[in-house]
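Taking it in order: structure first as structure tokens, then the write-up.
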Amino acid sequence: MNSTLAGLVAALIALKINNKMLSIKREDAYITYAAPIVEETAKTFSALLLKASVFGTHVVFGLVEALYDYTTSRKGIGVAAGLISVVSHALFGFITVFVMTESGSVFIGLVSGVVLHGLWNTTVIKLLENKSS
């Protein structure tokens, strides 16, 4: 139950901050660098503050993002975008927890999740650019 609440709280925080920042200026740089910091911090600290599973919180966040992606993606890619959201956020959560456990440091675990998320977003943006050109 705590992971569900933490995932929903993290999704709401990330949605508010990301929408505000993207309304100021839509740039791939924000999506690549800042959004992963916002999202990974929201997920990890929501889980820790609510004494929830960090991995479970990431999965719930991914489910929320999947619903968002499904409803906002152009026709024909909504299901794939949604599935990718769940899998990618679960992977970010797994890496965060693994590195936190092995290093004994929340900060190092969080940074590992942020870096992986940033690399993922960079890859997706490059693939979309290549596909549209």
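Every number here is computed from the coordinates shown, using simple stated rules; none is lab data. As the structure is a prediction and not an experimental result, all values here were calculated from the model. FYI the Cβ positions are ideal-geometry reconstructions off the backbone, even for glycines, and counts take in every protein chain you see.
Translational diffusion coefficient, Stokes-Einstein: compute it for the chain using the Kirkwood radius over C-alpha pairs as Rh, at 10 °C and 1.306 mPa s, and state it as an integer in µm² s⁻¹.
107 µm²/s
For the range 105-112, what does the Karplus curve 6.51 cos²θ - 1.76 cosθ + 1.60, with θ = phi - 60°, yield as ³J(HN,Hα) per residue in whole Hz, taken in order and with x for Gly and Pro?
With the stated coefficients, the range 105-112 comes to 10, 4, 4, 5, x, 4, 4, 5 Hz.
In whole angstrom, note down how far apart the Cα centers of the range 7-72 and the range 73-133 are.
Taking the Cα centre of each part, the range 7-72 and the range 73-133 sit 11 Å apart.
Calculate, in nm to one decimal, what residue 123 and residue 29 gain on full extension: separation in residues at 0.36 nm each, minus their alpha carbon distance. Spell out each step's value before the answer.
Values: separation 94, 0.36 × 94 = 33.84 nm, distance 1.25 nm.
Here the answer is 32.6 nm.
At most 12 other Cβ atoms within 10 Å and a DSSP loop assignment: could you name the GluC sites (Glu not before Pro) in the range 1-105 that fit? Don't jump to the answer; show the numbers that get you there.
Details: sites: 27, 39, 40, 65, 102; in loops: 27.
Here the sparse-neighbourhood loop sites are 27.
Does anyone have the angle between helix 2-24 and the longest principal axis of the chain? Alpha-carbon axes, 0 to 90°, nearest 10?
The two axes meet at around 40 degrees.
Scan the range 34-84 for trypsin sites (Lys or Arg not before Pro) in coil per DSSP, keeping those whose Cβ has at most 10 other Cβ atoms within 10 Å, and list them by number.
Passing sites in the range 34-84 are 51, 74, 75.
What is the angle, in °, between the Cα long axis of helix 78-103 and the longest principal axis of the Cα atoms in the chain? Nearest 10 is fine, range 0 to 90.
So the helix axis and the longest Cα principal axis differ by about 30 degrees.
In whole Hz, with x marking every Gly and Pro, tabulate ³J(HN,Hα) for the range 64-72 from phi via Karplus 6.51 cos²θ - 1.76 cosθ + 1.60, θ = phi - 60°.
Along the range 64-72, the couplings run 5, 5, 4, 5, 4, 4, 4, 7, 10 Hz.
Most exposed first by the Cβ proxy, i.e. fewest other Cβ within 10 Å, how do 23, 46, 103, 85 rank?
Lowest to highest Cβ neighbour count: 23, 103, 85, 46.
Full-extension gain between residue 130 and residue 94, please, as 0.36 nm times their residue separation minus the C-alpha to C-alpha distance.
Residue separation times 0.36 nm, minus the Cα-Cα distance, leaves 10.0 nm.
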